[in-house]
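The values are calculated or read from the model by the stated rules, or taken from the named source; none is laboratory data. Every value quoted in this text rests on a predicted model; they were computed, and no experiment measured them. FYI the Cβ positions are ideal-geometry reconstructions off the backbone, even for glycines, and counts take in every protein chain you see. To get the accessible areas, we keep the full protein, side chains included, count just its heavy atoms, and leave off ligands, DNA and RNA. Shrake-Rupley method; radii C 1.70, N 1.55, O 1.52, S 1.80 Å.
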Amino acid sequence: MARTLKKETLLSSAVFRKEAGLLYTADFDSVCERYSSLTEGMDGKVFLFSSPGRTEIIGNHTDHNHGKAIGGSVAIDIACAVQPWDKDEILIESHGFSPFSASLKTEEPTEKEYGTSMALLKGVIRGMKDRGYKVGGFFARMQSDILKGAGISSSAAFELLLCEIFNSLFNGDKISFTECAIIGQYAENVYFGKPSGLLDQLTIARGDISMMDFKKPFPDSFAAKWRFNDLWLVIINCGGDHCNLTGEYAAIRQEMNAIAGYFGREVLIDVDKKEFFENVVALRNKFGGRAVLRAIHFFEENERVEKACEYLEKADRENFLKVVNQSGDSSYKLLQNCYPAGDAEQSVPFALAMAERDPAVLARRIHGGGFAGTILTFVGAKDKDAYVQRMQRLFGAENVFPTTIRGVGAIEVKY
């Protein structure tokens, strides 16, 4: 079947070569083939888009008590070719999945669609319209490298992809990245049925490194520049099932909130650290040692976020990685979210132990919510390939995701 956008056209485009250099670590030929293949059977002008996944670097379980966190967009993405049309409908084809469509008419969320891409599409349409932005019909074909199990937020990447399509094609690129993040979060919370914070959406919308301060309902945030281009991030899916772990996640927030409540506050960010330590005996007697340890993690994790930002600005790689390791150790020992009670498999501790003993690993930590799932490791560029091979032998090739920090968020890709 003929392609509207030929691979040779992209190969000869200096504009597309420059864009691809900002987005990908893959060779240029394969990037051109990927985007060209998305246009098979399309007729007329096509628009190209990319939306990255994200990683949480420091700030483990701080957002719900209005703390601080650092996230980064990664060079693993959803690539998409789009053609606008006159229909009041959006039709999406995604490689490996059945096509689905939605009307541009406003629809209410339904529980039967929770957890589906359809729900996210309807939620973004509603979020755009409720905020006075224009929407229009289009056909989109996409292919995602954000594989299941990577823990890099495929849902938020899809939300921000849709937001950027509406922004670019129908709103003259006038919608700010913060507004796009809010709309993405709205779709995920209300239509998808997942009560997520804004870390994922803000990181993906903005790109590069973002430091977020959740002290306000809408977090203050600022961009930082990733200055360690000789570092690779390798995310490892070490196994374990997140089902039936809701209580484990909830307990972290409940215990932190209980400590805050002792001081007449709702969240820990409003508690004085010195006053907290002056009352640790009474707190332990009332709430138990684990709650106290988790509060200590919260206070010290916020300080680590601030230090990490300083080291990023100074391009101080050694101390930045040291803070990442300290954060990982705190999550393991104080926050205690590396395995649930009674878990004999302990997939995350096993993966961390293997990483810690590998000579290539410069930093390692639990990735995301914890108790099961993934870890994040940092290695130098010269050691990356051999390290990835070692981890693939341990965990399977499909569970090892090497990537880098990408300096650009969800974007229309010019050619």
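Taking 0.36 nm per residue of sequence separation and subtracting the Cα-Cα distance, how much length would be gained by fully extending the chain between TRP85 and ASP329, in nm to one decimal? Before the final figure, lay out each step's value.
On the way: separation 244, 0.36 × 244 = 87.84 nm, distance 5.24 nm.
Taking 0.36 nm per residue and subtracting the Cα distance, the gain is 82.6 nm.
Calculate, for ARG131 and ARG17, the FRET efficiency according to 1/(1 + (r/R0)^6) with r their C-beta to C-beta distance and R0 41 Å; round to the nearest 0.05.
Values: r = 36 Å, r/R0 = 0.87.
Rounded to the nearest 0.05, the efficiency is 0.70.
Largest first, what is the accessible-area ranking of ASP77, ASP173 with a 1.4 Å probe?
Working: ASP77 0, ASP173 90 Å².
If we order ASP77, ASP173 from most to least accessible, we get ASP173, ASP77.
Indicate the helices, whole DSSP H runs only, in the chain that combine a mean Kyte-Doolittle hydropathy of 1.0 or more with a Cα extent along their long axis of 18 angstrom or more. Spell out each step's value before the answer.
Values: long enough: 117-130 (20 Å, 0.32); 154-170 (24 Å, 1.25); 246-262 (24 Å, -0.26); 289-313 (36 Å, -0.51); 317-330 (20 Å, -0.92).
In the chain, the long hydrophobic H runs are 154-170.
For the chain, give me the percentage of DSSP beta bridges that are antiparallel, rounded to the nearest 5 percent. Please list the in-between numbers first.
Details: 54 of 59 bridges.
The answer is about 90 percent antiparallel.
Less than 12 Å apart at the alpha-carbon level, and either on another chain or at least 8 residues along: which aspartates and glutamates does that give for LYS174?
Partners found: GLU164.
Count neighbours as other Cβ atoms within 10 Å of each site's Cβ, and list the GluC sites (Glu not before Pro) in the stretch 203-291 that are DSSP loop with at most 15 such neighbours.
The qualifying sites are GLU266.
At 1.4 Å probe size, with the rest of the protein present, what percent of the exposed accessible area of the stretch 307-407 is carbon and sulfur atoms?
Numbers: 2060 of 4370 Å².
C and S atoms contribute 47 percent here.
Kindly report the accessible area of the stretch 304-415 per residue (heavy atoms of protein chains, probe 1.4 Å, no ligands, DNA or RNA), in Å².
43 Å²
For the stretch 209-303, what % of the accessible area comes from carbon and sulfur atoms, probe 1.4 Å? Let's see the in-between values first.
Working: 2350 of 4880 Å².
Using a 1.4 Å probe with all protein chains present, the stretch 209-303 comes out at 48 percent carbon and sulfur.
Of ASN244, ALA291, ASN229, which is farthest along the charge dipole of the stretch 174-294 in the positive direction, counting Lys and Arg as +1 and Asp and Glu as -1 at C-beta?
ALA291
Considering amide H positions built from the backbone, and no H for Pro or chain starts, which residues 5 or more places from PHE138, or on another chain, come under 5 Å of its amide H?
Amide H to amide H, under 5 Å and 5 or more residues apart or across chains, PHE138 pairs with TRP85, GLU89, ILE90, LEU91.
Defining a contact as two alpha carbons under 8 Å apart and six or more residues distant in sequence, what relative contact order in percent does the chain show?
Working: 843 pairs, mean separation 93.5, N = 415.
Worked out over the chain, it gives 23 percent.
Provide the gained length on full extension for the span THR110 to ARG290, in nm with one decimal, where the gain is 0.36 nm per separating residue minus the Cα-Cα distance.
Working: separation 180, 0.36 × 180 = 64.80 nm, distance 3.82 nm.
Contour length minus the Cα-Cα distance gives 61.0 nm.
For the stretch 127-195, just say rounded, prolate or oblate: build the C-alpha gyration tensor, square-root its eigenvalues into a ≥ b ≥ c, call rounded for a/c under 1.5, and beyond that prolate if a/b exceeds b/c, oblate if not.
Working: a/c = 2.03, a/b = 1.38, b/c = 1.47.
Oblate, since a/c reaches 1.5 and b/c is not below a/b.
Please identify the longest segment of the chain free of exposed trypsin sites (Lys or Arg not before Pro), where exposed means a DSSP state other than H, G, I, E or B and no more than 12 other Cβ atoms within 10 Å. Provide the component values of the computation, followed by the final result.
On the way: sites that count: LYS45, LYS105, ARG131, LYS148, LYS174, LYS225, LYS314, ARG357, LYS414.
Longest stretch, sites excluded: 226-313.
I want to verify a result. In a Gaussian network model of the chain, Cα cutoff 10 Å, which of these has the top mean-square fluctuation: PHE277, PHE263, PHE401?
Of the options given, PHE277 has the highest mean-square fluctuation.
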